[in-house]
Amino acid sequence: MERIPIRQAGFATSEAQLKTLFIQGLAGDAMAYHDFLKALSGHLRAYFRRRLFRRPDDVEDLVQETLLAVHNQRHTYLADQPLTAWVYAIARYKFVDLLRARTTREDLNDPLDDELLLFAESDTDAFEAKNDLDKLMADLPERQRLPIVHVKLEGLSVVETAKRTGMSESAIKVGIHRGLKALAEKMRGSI
């Protein structure tokens with residue numbers, strides 16, 4: 001199978017493109033697997049953002065939880081089945097788990113069976129959000145920016161980030177905390 005670079009696939013990746021990247025990733029192609037997760041995260045962000053418009057802070061948490069569940073359960077995927085249906089089932093369970101844990105009765109009116117919407121939406125907002133985030137992050141000192149980039153955006157652990165940056169683990173944690181606090185203050189000031 002020929003690997004499809006994420007730059008060509010974009011956020012409008014189809015079932016076939018996602019499945020190709022996923023199968024190649026399962027076969028050991030780390031770049032294909034990375035591209036799969038990156039493309040899938042855009043679809044998941046759009047899916048959860050639509051359902052959690054009153055809780056934007058939960059969107060990224062659910063995206064990360066779903067990606068982690070997809071990764072941990074990748075051995076259960078049957079190659080002759082549609083990939084998007086399998087991913088949708090995982091995303092739906094994560095969404096329901098969040099609803100059970102954090103919602104009131106009034107919040108339970110969001111439709112859960114819109115499986116076609118998971119991959120039907122284009123996530124152009126992700127590009128705009130990335131540009132906004134890049135502008136906000138540019139002003140942060142390196143000791144705050146790097147830990148946020150590596151841990152929160154790239155998904156590295158605190159230990160891995162400490163090794164990569166040469167900072168201590170506690171400095172990484174402090175940098176994340178202070179950096180997120182500074183970003184929140186900047187965002188409050190711009191609204």
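Name every residue in region 76-96 that is touching a Lys or Arg at 6+ places or on another chain (Cβ under 9 Å) and not in a helix (DSSP H, G or I), in order of residue number.
Residues of region 76-96 that are touching a Lys or Arg at 6+ places or on another chain (Cβ under 9 Å), as a first pass: 79, 82-84, 95.
Correct list: ALA79, PRO82.
Can you confirm whether PHE53 is surrounded by fewer than 12 Cβ atoms within 10 Å (Cβ to Cβ) and in the same structural domain as ARG102 (by TED's automatic domain parsing)? Let's see the steps before the verdict.
On the way: surrounded by fewer than 12 Cβ atoms within 10 Å (Cβ to Cβ): yes; in the same structural domain as ARG102 (by TED's automatic domain parsing): yes.
Judged against the criteria, PHE53 is a match.
Give region 70-98 a look and list any residue that's crowded, with 16+ Cβ neighbours inside 10 Å and either among the aliphatic types (A, V, I, L, M) or not assigned by TED's automatic domain parsing to the domain that holds THR20 (or both), or say none.
Passing the criteria: VAL70, LEU83, VAL87, ILE90, ALA91, LEU98.
For region 137-158, enumerate the residues that are under 23 Å from VAL63 (Cβ atoms) and assigned to a helix (DSSP H, G or I).
First pass over region 137-158, keeping only residues under 23 Å from VAL63 (Cβ atoms): 137, 140, 144-158.
Correct list: MET137, GLN144, ARG145, LEU146, PRO147, ILE148, VAL149, HIS150, VAL151, LYS152, LEU153, VAL158.
What number of residues in region 64-89 are modelled with pLDDT under 90 and of a type in the set (Phe, Trp, Tyr)?
Adding up the residues that qualify gives 2.
The values are calculated or read from the model by the stated rules, or taken from the named source; none is laboratory data. This is a predicted model, so every value here is computed, not measured. So basically every Cβ, Gly included, is an ideal-geometry build from the backbone, and we count neighbours across all protein chains shown.
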